[in-house]
Structures are given as structure tokens and as C-alpha cells.
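Every number in this text was worked out from the coordinates using simple rules, so none of it is lab data. None of the values given here were measured: they were computed from a predicted structure. Cβ coordinates were reconstructed from backbone atoms using ideal geometry, including for glycine residues, and neighbour counts include every protein chain displayed.
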Amino acid sequence: MFGIGELTILLLVIVAVLAVKRLPDLMRSAGKAARILKSEKQALKDEDSGRPRPAPHIIRGETTERDAP
């Protein structure tokens, strides 16, 4: 019988194999989310210190055929 560790690794491998096509999109989204969180964290620090907040950066999204109406 398999233990919990082996089943976890097997499940991760299966998910990775099935999600190969979507992995670049997921990584791109994770990067954008990390940038947004970083800028919000900096904004909170600036707000606490009393410094004026700089203008927000606009992150433009990409439109793909799948997203198009």
C-alpha cells in the first residue's frame, strides 16, 4: 500500500502532466498577483509613514482568442 507521501507525490505528478498547457498562464497570473501584492504592501508602508502615495501603475492585460467574445 502507498503511504501519504507517495500518494501526494503521485497526485502532484498527475496534476502537473494534465496542467502543462495552462502552466504558463498560471505562472503569468501568479507573477501579476505578486506584483500587485508588493505594490499594495509598499502603499500601506507609505501610508503609515505619512509619505504621499505615488500614482498607481497600470498593468495591461493580454487578450487571447480564448478571451475574445
Mind checking which residues of the range 32-50 are over 18 Å from G61 (Cα atoms) and either touching a residue at least 12 places away in the same chain (Cβ under 8 Å) or not basic (K, R) (or both)?
E40, Q42, A43, L44, D46, E47, D48, S49, G50
Being surrounded by 11 or more Cβ atoms within 10 Å (Cβ to Cβ) and under 17 Å from E62 (Cα atoms) is the filter; apply it to the range 1-28 and report the residue that is farthest from the chain's Cα centre (by Cα).
D25
